[in-house]
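The values are calculated or read from the model by the stated rules, or taken from the named source; none is laboratory data. The model shown is predicted, which means the values in this text are computed figures rather than measured ones. Every residue, glycine as well, gets a Cβ built from its backbone with ideal geometry; the counts of neighbours run over all protein chains shown.
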Amino acid sequence: MEIENGMVQNDENWQTLCRFFPDNWRHKAFELGACKRLRGYGSLDVLMRMLLLHLADGISLRQTCAIARQAGWANVSDVSLLKRLRQASQWFRWLARQMLHQAHGGRMDLQRPPWLAGRRVKSIDATVVSEPGSTGTDWRFHYCLELFELQCEQVVLTDHSVGEKVSNFHFSPGDVVVGDRVYCSGKSIQEFTQAKADWVLRYRHTSLGLFEDAAREQDFDLFGFLGGVKQAVAAERWLWSGKTPVQFRLIAIRKSKQAAEQARKDYIYNQRRKKRPVTESTLYLQDYIIVLSNLKEEVSASQVLMLYRLRWQIEVAFKRLKSILGLGHLPKQDPQSCRAWLHGKLFIALLVERMVEEARLFSPWGYPLPEDRSSGPELVSVAGS
């Protein structure tokens, strides 16, 4: 590999990969403080290549530096590369945001809607990390993302004994928190109430009692309610729950036939894999998306579902990376390193997704042909007459 004017030359694979990067990605590295000077690296491309090798392949910083040294890219230490990774946090966040717009222009809009002006929308989740060579769970990585900024605001690294719970994070009055089923419990709702934060949570069956009144005397007939829910039309009901009664909205929408069928198959597979019984009530609920929220009536049911959808798409991209590439070596030195690691992983997940989308459109001549719905593309002969 040859370095000339800050560019990697004579490497077709790298040049092809760079086509998927956002415009001005090199300029942004200096603007966002990822790189002030390139002492020891020779090129920003070399630095990016080493960071991607560490993050995507899940190898250690020391291994990354050894590979770079053998390849003739750079002769730097793992301490130097860790410092560069820490500095690259905001750069990777910017890259991830740009990739979202490129890859999901029609499906995902990160422009904050007017009804959320001045409010922080936070997605909370956790993932299990097993270091290479480990036979079990080593760490649980709890993180909080500001959805519209893709900013990792809180990270908590614990051993496997600490579960996923709201108390792992702290929130401010006015925050809107979006979480998955694991956070749906009476205790979680009480903690949100104490923090004066609004919330949107995926409903978990049997985790929470649902009542029609504050006295909790009349149970809510969930299955009767769901019987009247249709596709593309969100239905809602104000309900009560908790020892200290809290009122909230239950919002439900029916999945498409294909999505419901796949959800049922996944549920049955997971239950059998874990040697647990398949319950008819939970199987029935796979046909629906059900969320709970305390957002006021001026926020429509569709807007609440939009928030959950945005959170779900970002998390799916991240967790797909975990299942395909593995999370690999997690920096455990400080929260700043963990944030940079997470931002880098998000960028790589979206980069992979963008490349897959491009592959679906690939043609050997390098451009799409216009559609001819009657008989297929017209082929023009260029042979001599």
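Restricting the first residue to the range 19-32 and requiring it to be among the hydrophobic types (A, V, I, L, M, F, W, C), which pairs with a second residue that is part of a loop (DSSP other than H, G, I, E, B) meet a Cβ separation below 9 Å and a spacing of at least six or different chains? As it stands, the answer is Ala29/Cys35; Ala29/Ala88; Phe30/Lys36; Leu32/Ala88, since those pairs meet every condition given. Candidates are the residues of the range 117-130 that are of a type outside the set (Gly, Ala, Ser) and surrounded by fewer than 16 Cβ atoms within 10 Å (Cβ to Cβ); the one that is modelled with the lowest pLDDT is Val128. Which residues, counting only those in the range 165-201, are within 28 Å of Thr282 (Cα to Cα), among the charged types (D, E, K, R) and either out of contact with any Leu (no Cβ under 9 Å at 6 or more places or on another chain) or assigned to a helix (DSSP H, G or I) (or both)? Listed by number, the residues that qualify are Lys165, Arg181, Lys187, Glu191. Residue-level check: of (1) at pLDDT 85 or above; (2) touching a strand residue (DSSP E or B) at 6+ places or on another chain (Cβ under 8 Å), Ser167 misses just (2).
When the range 196-207 is limited to residues that are at pLDDT below 95 and surrounded by 14 or more Cβ atoms within 10 Å (Cβ to Cβ), the one that is nearest to Trp115 (Cα to Cα) turns out to be Arg204.
Of the residues making up the range 259-296, those that are of a type in the set (D, E, K, R) and either more than 18 Å from Leu201 (Cβ to Cβ) or touching a helix residue (DSSP H, G or I) at 6+ places or on another chain (Cβ under 8 Å) (or both) are Glu261, Arg264, Lys265, Asp266, Arg272, Arg273, Lys274, Lys275, Arg276, Glu280, Asp287. Quickly run through the range 256-286 and pick out the residues that are in a loop (DSSP other than H, G, I, E, B) and under 30 Å from Thr193 (Cα atoms). Residue satisfying the conditions is Gln286 alone. Residue by residue through the range 277-302, note down the ones that are surrounded by fewer than 16 Cβ atoms within 10 Å (Cβ to Cβ) and either within 25 Å of Glu149 (Cβ to Cβ) or among the hydrophobic types (A, V, I, L, M, F, W, C) (or both). Of everything in the range 277-302, those that are surrounded by fewer than 16 Cβ atoms within 10 Å (Cβ to Cβ) and either within 25 Å of Glu149 (Cβ to Cβ) or among the hydrophobic types (A, V, I, L, M, F, W, C) (or both) turn out to be Val278, Leu283, Lys296, Glu298, Ser300, Ser302. Selection within the range 42-70: residues that are among the small types (Gly, Ala, Ser) and not in a helix (DSSP H, G or I). The member of this set that is farthest from Asn24 (Cα to Cα) is Ser60. Taking each residue of the range 205-231 that is in contact (Cβ under 8 Å) with a residue 60 or more places away in the chain and within 20 Å of Lys187 (Cα to Cα) and looking for partners that are of a type in the set (Gly, Ala, Ser) and surrounded by 10 or more Cβ atoms within 10 Å (Cβ to Cβ) with beta-carbon atoms closer than 8 Å, six or more apart or interchain, yields His205/Ser281; Leu208/Ser185; Leu208/Gly186; Leu208/Ser241. Looking across the range 229-255, the residues that are at pLDDT below 95 and either surrounded by fewer than 14 Cβ atoms within 10 Å (Cβ to Cβ) or part of a helix (DSSP H, G or I) (or both) come down to Lys230, Gln231, Ala232, Val233, Lys243, Thr244, Pro245. Listed by first and then second residue, the pairs with beta-carbon distance under 8 Å, at least 6 apart or on different chains, first residue in the range 59-73 and free of Cβ contacts under 8 Å to residues at least 12 places away in the same chain, second part of a loop (DSSP other than H, G, I, E, B), are Arg69/Asn75. Take the conditions (1) assigned to a helix (DSSP H, G or I); (2) at pLDDT 95 or above; Leu295 misses just one of them, which is (1).
Tell me yes or no: at least one residue of the range 71-89 is assigned to a helix (DSSP H, G or I), under 22 Å from Val178 (Cα atoms), modelled with pLDDT of 90 or more and not charged (D, E, K, R). No, the conditions are met nowhere in the range 71-89. Here Ser89 does not fit the description of being within 19 Å of Asp334 (Cβ to Cβ), surrounded by fewer than 17 Cβ atoms within 10 Å (Cβ to Cβ) and either among the small types (Gly, Ala, Ser) or under 21 Å from the mean Cα position of the chain (by Cα) (or both). Assessment of the range 155-164 against the conditions (modelled with pLDDT under 95, assigned to a loop (DSSP other than H, G, I, E, B) and hydrophobic (A, V, I, L, M, F, W, C)) yields at least one matching residue.
Of all the listed residues (Val233, Val246, Val229), the sole one being among the aliphatic types (A, V, I, L, M) and more than 29 Å from the chain's Cα centre (by Cα) is Val246. So for the range 101-116 (the condition being farther than 30 Å from His27 by Cβ, buried (at least 20 other Cβ atoms within 10 Å of the Cβ) and at pLDDT 80 or above), does at least one residue qualify? Within the range 101-116, none of the residues are farther than 30 Å from His27 by Cβ, buried (at least 20 other Cβ atoms within 10 Å of the Cβ) and at pLDDT 80 or above. Ser207 passes every criterion in (1) farther than 30 Å from Phe148 by Cβ; (2) in a loop (DSSP other than H, G, I, E, B) apart from (1).
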